[in-house]
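What follows is a single structure, written as structure tokens, with notes after it.
Bear in mind these aren't lab numbers, they're just calculated from the coordinates by the rules spelled out. The structure displayed is predicted, hence computed values, not measured ones. Methodologically, a virtual Cβ is constructed for each residue, glycine included, from the backbone with ideal geometry; neighbour enumeration extends over all protein chains shown.
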Amino acid sequence: MKSAVEHLLARIDAKRDEVTALTQDLVRIPTVNPPGDAYEACAHFIGERLAKKGFAVEYVRALGAPGDSDSHPRTNVVARWQGGAPGECVHFNSHIDVVEAGSGWTYEPFGGQVANGRVYGRGTCDMKGGLASSIIACEALIESGLPIPGALEISGTVDEESGGFAGVGYLAERGYFSKPRVHHVIIPEPLGVDRICLGHRGVWWGEVETWGRIAHGSMPFLGDSAINHMSAFIHLLETQLQPRLQGRSTAEPVEPPGARVSTLNINSIHGGQVEQHYANDERGWPTAQTPAPVVAHSCRTVLDRRFIAEENLEAVKKEIIDMLDELKRTRPGFDYGIRDIMSFVPTATPKDAPVVDATARAIARVLGREPSYIASPGTYDQKHIVRSGQLKDCIAYGPGILDLAHQPDEYVGIQELVDSAKIMALASLDLTGWSRSVAA
Ligand SMILES: [Zn+2]
């Protein structure tokens, strides 16, 4: 005789076409961010489906958050299914936004075509496939009729690709990711069907500005170029800081291994006059307004510093400020300003946390192998859940190959959709307390 768990797994196997179709439907809603297209349509598509399955559905627009407007409302959906007995709540959080399609596609980016056992399209892997798996997992649990205690929640949230401030950030500040409402969170980002992502490196984004003295461009010796000063700073970043960071490694299992050190990227640099694109007409005259000849009195650069668990934010900033102060002492005329843009500290959920343990056992049961544990080089919405929600029991786990995210011909494997739905369902049985109630 089949056990209740075996029946549940068979039920999910039978939903193979359904999870495929759901992924296709989601991909066909082009929720491109920026600017944040079709959020409303996507949130309602998810909400209306879940309402039919017995979820209480709430739409939460992040009014007044960055990017929110009547033409591009930041609309999130949060759905909750309440079990019949007390227990804990498992929440599946997926971002509904995707990055632009870009070029180089052989499949229709928003067509959701099926070929080679995969669904192709922008967002299949990052992360509408994971969203579809979590929906199918919860629907299978509810349809099974098992007496599940606690609650199941599914959210579709906006703007993860641009920091998540109008999405999970907005909801977490309002208690949607805190106890006693929620106890365990699984974020179905595309980390791979047998990998559990425990957290991410930290990030500091800052802007550095150098100043000079404006003068006529034909007599630069009468002024002082902010661009020359900035280039002295960037030279130090490249010759001193970046080699030092390369030698600073972490014990956390960051993937890919190249990111198991601290890193610095120079995101942008702007100095002097506003950029224009110049061309000459047939007479050799400029077609756009020509610049006025001036020595740049300001130059700004945006730095993206990713730091490891073994570092702290204050030291990360101080290291850069020390270099700037050194230039101020040694380089005539050098002066600077520095501003924080955004920062998040590294997060790492302990390996023995309930959500890690339950997911690991589910992976072993469904796939017949032990999971691997990883950490992410970049942050994702876990940062808001840990910081604003004060909830530590959170992982990223979902179908798809991370390297395909944001690439042309992005896809997700259909077998992976089915397997991860099974794993999410089994983990939920454990985390809500059903498994314990059966054992008792
Ligand atoms: Zn993602």
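Of the residues Val294, Val316, Val261, the one that moves most in a GNM of the chain with alpha-carbon contacts below 10 Å is Val294. When the scattering of segment 1-57 is computed by the Debye formula from its Cα atoms alone, each counted once and equally, what is log10 I(q)/I(0) at q = 0.13, 0.18 Å⁻¹? One equal scatterer on each Cα of segment 1-57 leads to -0.50, -0.78. Dividing the mean sequence gap of close Cα pairs (under 8 Å, 6+ apart) by how many residues segment 93-150 holds gives a relative contact order of 32 percent. Here's the picture: charge each Lys and Arg Cβ at +1 and each Asp and Glu Cβ at -1 in the chain, and of Ala38, His235, Ala427 the one pushed furthest to the positive end of that dipole is Ala427.
Within the listed set Pro293, Pro257, Pro408, the residue fluctuating most in the Gaussian network model of the chain (springs between alpha-carbon atoms under 10 angstrom) is Pro293. Pairs of Lys residues in the chain that lie 8 or more places apart, or on two chains, and have C-alpha atoms under 24 angstrom apart add up to 24. Taking a ≥ b ≥ c as the square roots of the eigenvalues of the Cα gyration tensor, segment 274-412 is oblate, since a/c reaches 1.5 or more and a/b is not larger than b/c.
Indicate the gyration tensor shape class of the chain (rounded, prolate or oblate), computed on the Cα atoms with a ≥ b ≥ c the square roots of the eigenvalues: a/c under 1.5 is rounded; otherwise a/b larger than b/c is prolate and the rest oblate.
Prolate.
Each part reduced to its alpha carbon centroid, segment 296-329 and segment 1-55 end up 44 Å apart. Here segment 112-222 has an Rg and Dmax of 23.1, 83 Å, counting Cα atoms alone.
Springs join every pair of Cα atoms under 10 Å in this Gaussian network model of the chain, and among Ile186, Ile266, Ile374 the largest mean-square fluctuation is at Ile266. Per-residue Karplus couplings for segment 13-28, computed as 6.51 cos²θ - 1.76 cosθ + 1.60 with θ equal to phi - 60°, are listed in order as 4, 6, 9, 4, 5, 5, 5, 5, 5, 5, 4, 4, 4, 5, 5, 6 Hz, Gly and Pro entered as x. If you bin all the Cα-Cα distances of segment 202-344 at 10 Å, starting from zero, the percentages per bin are 11, 33, 28, 17, 9, 2, 0.
The mean sequence separation of alpha-carbon pairs under 8 Å and at least six residues apart, normalised by the residue count of the chain, gives a relative contact order of 25 percent.
From the square roots a ≥ b ≥ c of the eigenvalues of the alpha-carbon gyration tensor of segment 120-183, which class results: rounded (a/c under 1.5), prolate (a/b over b/c), or oblate? Judged from the Cα gyration tensor, segment 120-183 comes out oblate (a/c at least 1.5, b/c at or above a/b).
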